[in-house]
Amino acid sequence: MAKSRVLVVGGTGYLGRRIVKASIAEGHPTFVLHRPEIGTDIEKVQLLLSFKEQGARLVEGSFGNHRSLVDAVRQVDVVICAISGVHIRSHQILLQLELVDAIKEAGNIKRFLPSEFGTDPARMGHALAPGRVTFDDKMVVRKAIEEANIPFTYISANCFMGYFVGGLCQPAKIIPSTESVCLHGDGNVKAIYVDEDDIALYTLKTIDDHRTLNKTIYIRPPQNILSQREVIMAWEQLIGKELEKTSISEEEFLSIIKEQEFAQQVGLGHYYHVCYEGCLTNFEIDEEEEEASHLYPEVAYTRVKDYLRRYV
């Protein structure tokens, strides 16, 4: 069976560039949307050219130009959107409504994967403000997709290793200390950590798989379902040293959130739900959903301890 043609929107971003590379590696004819107003952003231009050298086709289009989006969509079978939903970078989730309109008009798309890739927003109706805006906006996009009868797959990839594992699950830290670490409460709440390259690969695996059509796919590599203490222990084993540990209580953490600027409040709110509430692991996957490492056991996913080796 011929592999689907894939259009990646947000292909120069942190996750998007990995999705482009995975699409090419998996043998999909790969198209990358790029904005005509890219200007003098030389790093993005060079990245786009590197995609072209690897076999991708660059397609000009903009969220501000409906016709350009329709024309781009009509060239492919699958659209994967990876635009940012992180407030400390740029929160652009609702721009996808323009993409939904274009896909609806084009009428040829077999699968749309919107920009999700984190906590499942359908399970976060109770989330704290202002952090809940991320989940609320993603649900607005989901509603538009489903009302337009667009075939979809939603990817819930849990915690990006680069953001969580690199900093031993501490906000605003992405390199592990060799001296000390601060625990969230007792540090025993379980979360799920996934390497960003693995997220991209699992995502590409789903697009031609009938088992994932109109479903939420959770990426839950079993050996990466760990508490903060277990992540720290893996690091301590690698460096042959025990870190000095302090702790911040749930009440203290909530108090700190209130003192921050809006973007930081959003991000810390997400940390609260993951690290104190255990929102990634406090439910079972139901029959209308699937788990990626079970569907694709051939993927040799990166373990937390192996990821940490790069910092030694």
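A few comments on the model shown:
- Hits in region 175-192 - residues which are in a loop (DSSP other than H, G, I, E, B) and in contact with a helix residue (DSSP H, G or I) (Cβ under 7 Å, 6 or more places away or on another chain): 175, 176, 178, 185, 187, 188, 189
- Filter result (buried (at least 20 other Cβ atoms within 10 Å of the Cβ) and either closer than 17 Å to residue 221 by Cβ or more than 21 Å from the chain's Cα centre (by Cα) (or both)) within region 167-182: 169, 176, 181
- Leading residue by the ranking (nearest to residue 186 (Cα to Cα)) among those in region 252-267 that are open to solvent by less than 30 Å² (accessible area, probe 1.4 Å) and modelled with pLDDT of 95 or more: 253
- Total residues in region 203-217, condition buried (at least 23 other Cβ atoms within 10 Å of the Cβ) and either part of a strand (DSSP E or B) or in contact with a Phe, Trp or Tyr (Cβ under 9 Å, 6 or more places away or on another chain) (or both): 3
- Of the helices (runs of 4 or more DSSP H) lying entirely inside region 13-81, those containing at least 3 residues that are open to solvent by less than 70 Å² (accessible area, probe 1.4 Å) and in contact with a Leu (Cβ under 9 Å, 6 or more places away or on another chain) are 16-25, 66-73.
- Residues that are under 27 Å from residue 26 (Cβ atoms), part of a helix (DSSP H, G or I) and not hydroxyl-bearing (Ser, Thr, Tyr), drawn from region 257-304: 292, 294, 295, 304
The values are calculated or read from the model by the stated rules, or taken from the named source; none is laboratory data. Bear in mind that the values here come from a model prediction, so they are computed numbers and not experimental data. Every residue, glycine as well, gets a Cβ built from its backbone with ideal geometry; the counts of neighbours run over all protein chains shown. Areas reflect the complete protein model, heavy atoms only, side chains present, ligands, DNA and RNA absent. Shrake-Rupley method; radii C 1.70, N 1.55, O 1.52, S 1.80 Å.
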